[in-house]
1. Would you point out the residue of the range A:30-86, among those that are assigned to a helix (DSSP H, G or I) and among the hydroxyl-bearing types (Ser, Thr, Tyr), that is modelled with the lowest pLDDT?
2. For residues that are among the polar types (S, T, N, Q) and out of contact with any helix residue (DSSP H, G or I) (no Cβ under 8 Å at 6 or more places or on another chain), scanning just the range B:271-304, find the one that is farthest from the other protein chains (Cβ to nearest Cβ).
3. Would you confirm whether or not the range A:64-71 contains a residue that is of a type outside the set (Gly, Ala, Ser) and without any contact (Cβ under 8 Å) to a residue 40 or more places away in the chain?
4. When you check A:Thr165 against the structure, is it part of a helix (DSSP H, G or I) and of a type in the set (S, T, N, Q), yes or no?
5. From the list B:Asn118, B:Asn186, which residue is of a type outside the set (Asp, Glu) and either touching a residue at least 60 places away in the same chain (Cβ under 8 Å) or farther than 24 Å from A:Met172 by Cα (or both)?
6. Of the conditions (1) open to solvent by less than 30 Å² (accessible area, probe 1.4 Å); (2) away from chain A (no Cβ under 14 Å); (3) assigned to a helix (DSSP H, G or I), B:Arg322 fails just one. Which one is it?
7. When both residues are 6+ apart or on different chains and their Cβ atoms are under 9 Å apart, which pairs have a first residue that lies in the range A:244-267 and is under 15 Å from A:Ala295 (Cβ atoms), and a second that is open to solvent by 10 Å² or more (accessible area, probe 1.4 Å) and acidic (Asp, Glu)?
8. Which residues, taken from the range A:119-141, are touching a helix residue (DSSP H, G or I) at 6+ places or on another chain (Cβ under 8 Å) and within 11 Å of chain B (Cβ to nearest Cβ)?
Number of protein chains: 2
Amino acid sequence: MKKWLIGIDIGGTYIRICLGKLIQKKHGVRHVDRKILSSRKGQEPRRSINEIKVSVNQLLKAHQLHTKMLCGIGIAVAGAIDSEKGIILKSPNLKKWEGFGFQKSLSRFFQVPVYVENDANASALGEKHFGLGRKKKNFLYVTVSTGIGAGLVINGALVRGKAGTAGEMGHMTVQPNGYSCKCGKNGCLEAYASGTAIGNLVKRVLRKEGRSRFWKKFQRAEVTGKMVTQASLKGDRIAIKARKEAAEYLGIGLSSVINLLNPERIILGGGVLEVPQHFWGPMINRIRKESWPTAFKSCQILRSKLGKHVGDWGSFAIILERLS
Amino acid sequence: MKKWLIGIDIGGTYIRICLGKLIQKKHGVRHVDRKILSSRKGQEPRRSINEIKVSVNQLLKAHQLHTKMLCGIGIAVAGAIDSEKGIILKSPNLKKWEGFGFQKSLSRFFQVPVYVENDANASALGEKHFGLGRKKKNFLYVTVSTGIGAGLVINGALVRGKAGTAGEMGHMTVQPNGYSCKCGKNGCLEAYASGTAIGNLVKRVLRKEGRSRFWKKFQRAEVTGKMVTQASLKGDRIAIKARKEAAEYLGIGLSSVINLLNPERIILGGGVLEVPQHFWGPMINRIRKESWPTAFKSCQILRSKLGKHVGDWGSFAIILERLS
């Protein structure tokens, strides 16, 4: 009986390997076990793949399973993916992986089908199969973390685009000729509403105005989005203002997507929204102001319930999507 | 043999009724005849529908055809459409038509299937079946005229969205808190890059700077996008600058869509782009600057070849889309 799944989430810092089991009755998957490897930036992909092979075998052995009992391996990777060929076209965090055929290497080794998707797309599939995207035909999953990315499901199917780069919502322009983004462009949503951007907003104010009580103990260069969230909860004026400004820009970006695609749901994940105070309200108000009324009314905007493990569920969902 | 089609394009000013014939070998349609009615703003839709019925019968009679020989009637209408129920949900130019069941009325009268789509969506289908969208899985048709609208084809299928409003590209925000748009919002693409917006840009400059040689003979209120195009061809500095500025904003809006959807083609129609000088170049340059390099490389940006008759072809394509 092929009813076991291996999901692998390859990020810039960690490689998460998960073991899941199909529950036929509920059309679901039970998350059975997990192993976490360091993905050591700059390490040769061949070496990482060997470590993955060892870890998968350890997981299988620990649960007395054989590869013949696997229905597939699903891999989520940050970057532009050719999911037909199973290669990474472009990935800022995994430069050495570009063009490397790890899909072939793994499918030959384990003799099971291996499927690869971009990580935001995988998360959207995670929502489609296990989360708030269930039975929804038109929705997007947006992650607002150190960066901003999205996975789109339209007419019931994942949108990959011509070259596998669809969903680069973080690089929609929200302020022409605005702040520079790490992608090299200016005025990107990511440069205004990501965790990094929120940190930068505070740094800019501190440079101009000097430090308020909360920020006295920190070096300016240290400021992160997480610290800004903490400061805002303690009532720091600069932090609250920065979070609100970022929320408004996220609202502008989401409104453009609502006007363009008229989705029925937007599912938001990522660290920036973990604390809704000083963010959720201003964001929704801005969306209400900027979006087409009929489109706004037909769109539910919700926090993901898959939380931090959306990546695990995403890697399982990659397999389910191909099985169905 | 059911091989005849009636296409109807209901606009704010005219109703165009076209007769077409299927050419099986080429999977195409021959445009046989056409009738144009005034749609008289504010006229009761029942009256317009009666006029349409009379005109369709006249067309059929003139070509010695019977309704039994029709495979369908396709109707393109400006506004948000519920294409399942065949009703207009919202249409700024056809207020009295909202909620009116003209699809039922026509299908009962002629005893043939009647299909209704939003006009920009119909144009995208026109491109899919007869134009530059043939055999393309991911493309959009964008019309830049007095307003800006788009029709999207993703994974080979039209994107209607949850409430039928998908494609409202003209109301993506390109300049937060920017110029007011006739929709009530601020900073919409339509308020920066449409023909109307180009006219307004010139008006604003004339108000500030006074009139240059070209503009001496006109009242400021008279200035239209078309006049600005004419002036730009005569070398008028103000007109050239306005066209270039609009082109850059269109480039920003298109880049956001390229980053989000990674389409393989963008097909541009509408009056503003009929004269490419001082527009096409600045637009492409801005797109190159603002869009994700992999996505930009995989996307062809082209002028529609269906020209002014894209609406006719669109209304035929509505039927073909349902037949296939």
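The values are calculated or read from the model by the stated rules, or taken from the named source; none is laboratory data. Here the structure is a predicted model, which means the values were calculated and not measured. All Cβ positions, even for glycine, are placed from backbone atoms using ideal geometry, and neighbour counts span all protein chains on display. Side chains are part of the model used for accessible areas, which takes the heavy atoms of the whole protein and leaves out ligands, DNA and RNA. Shrake-Rupley method; radii C 1.70, N 1.55, O 1.52, S 1.80 Å.
1. Filtering the range A:30-86 for residues assigned to a helix (DSSP H, G or I) gives A:45-62, A:67-69.
Next, only the ones that are among the hydroxyl-bearing types (Ser, Thr, Tyr) stay: A:48, A:55, A:67.
Numbers: A:Ser48: 90, A:Ser55: 96, A:Thr67: 94.
The selected residue is A:Ser48.
2. Residues of the range B:271-304 that are among the polar types (S, T, N, Q), as a first pass: B:277, B:285, B:291, B:294, B:298, B:300, B:304.
Among the residues that remain, those that are also out of contact with any helix residue (DSSP H, G or I) (no Cβ under 8 Å at 6 or more places or on another chain) are: B:294, B:298, B:300.
Values: B:Thr294: 5, B:Ser298: 4, B:Gln300: 10 Å.
Step by step, filter the range B:271-304, then rank; the result is B:Gln300.
3. Applying the first criterion (of a type outside the set (Gly, Ala, Ser)) to the range A:64-71 yields A:64-71.
Applying the additional criterion that residues be without any contact (Cβ under 8 Å) to a residue 40 or more places away in the chain yields A:64, A:66.
Yes, the range A:64-71 contains at least one residue that is of a type outside the set (Gly, Ala, Ser) and without any contact (Cβ under 8 Å) to a residue 40 or more places away in the chain.
4. Working: part of a helix (DSSP H, G or I): no; of a type in the set (S, T, N, Q): yes.
It is false that A:Thr165 is part of a helix (DSSP H, G or I) and of a type in the set (S, T, N, Q).
5. B:Asn118
6. Exception for B:Arg322: condition (1).
7. Every condition considered, the pairs that remain are A:Ile258/B:Glu168; A:Asn259/B:Glu168; A:Leu260/B:Glu168; A:Asn262/B:Glu168.
8. A:Lys136, A:Asn138, A:Phe139, A:Leu140
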